[in-house]
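Below is one structure; the comments refer to it alone.
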Amino acid sequence: KQEVTQIPAALSVPEGENLVLNCSFTDSAIYNLQWFRQDPGKGLTSLLLIQSSQREQTSGRLNASLDKSSGRSTLYIAASQPGDSATYLCAVRTETSGSRLTFGEGTQLTVNP
Amino acid sequence: GEEVAQTPKHLVRGEGQKAKLYCAPIKGHSYVFWYQQVLKNEFKFLISFQNENVFDETGMPKERFSAKCLPNSPCSLEIQATKLEDSAVYFCASGESRVEFFGPGTRLTVL
């Protein structure tokens, strides 16, 4: 059974800092891994999707890496802004999971002005 | 449509009442997924459909939960005899080629 863990559970940084969020998963037989953002009381916004054959994806100030063999992904946020404050969720789609996503419990990020 | 639509946004039910949630997937997507988000962030998979057929129902509490995706109708998730622990946000997602797009969710509060 796939399990996804995110560290840290919460993170508070001053504006302008570069930061790294970590995600690990137990079953490396994945199709893809996705990073989402969730604002309080809102739905999910997809940030980056990495296919199992890829090592990284970039979008603006965000960069996500994937090391499938070790079961790890990181989300790097450059020059953080107060508007980045949200919960960041990592989710994996496993080859044996019938195409559903397994989510981590998220990292709650606060960027202080 | 280009977005997954979910109705209602909020639903309040007394314990023991029925709750029915609706999801209109993105046109052309073959797969529909239902997830339940309880507490702060814990996402639990409930069920998925491939067109109108159940694809994976391993996450469904079958005693009180049921779901359908019929042609030319929104998909639905129904909870009979709701319990306090059913209070959660229910997300629907639709997708193709192992990429999902999420709706805004329905917040169910059971009193």
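Some notes on this structure:
- Total formal charge among the other residues, if their Cβ is under 15 angstrom from that of B:Val110, Lys/Arg +1 and Asp/Glu -1: +2
- Max mean-square fluctuation residue, GNM over chain A, Cα-Cα springs under 10 Å, options A:Pro14, A:Pro40, A:Pro82: A:Pro40
- Relative frequency of Cα-Cα separations exceeding 20 Å in chain B, percent: 33 percent
- Modelled FRET efficiency - R0 25 Å, A:Glu95 with B:Glu42, Cβ distances, 0.05 increments: 0.60
- Residues A:Arg37, B:Arg98, ranked from the fewest to the most other C-beta atoms within 10 Å, line up as B:Arg98, A:Arg37.
- Peptide A:99-110, shielding by other chains (average Cβ, 10 Å cutoff): 5
- Over the range A:8-113, volume per residue of the alpha carbon convex hull, in Å³: 92 Å³
- Measuring r between the beta carbons of B:Glu15 and B:Asn53 and using R0 = 45 Å, the FRET efficiency lands at 0.90.
- Residue by residue along A:36-43, Cβ atoms of other protein chains within 10 Å of the local Cβ number 3 on average.
- Cβ-based exposure ranking for B:Ser73, A:Ser46, A:Ser99, in which fewest neighbours within 10 Å come first: B:Ser73, A:Ser46, A:Ser99
- Measuring nothing but alpha carbons in the protein assembly as shown and taking Rh as the Kirkwood radius, the Rg to Rh ratio lands at 0.98.
- Across the range A:16-65, the volume of the C-alpha convex hull divided among the residues equals 109 Å³ per residue.
None of the figures in this text is laboratory data; all of them are computed from the coordinates on show. Keep in mind that this is a model prediction, so the values were computed, not measured. No Cβ is skipped: glycine too gets one built from the backbone with ideal geometry, and neighbour counts run over all protein chains shown.
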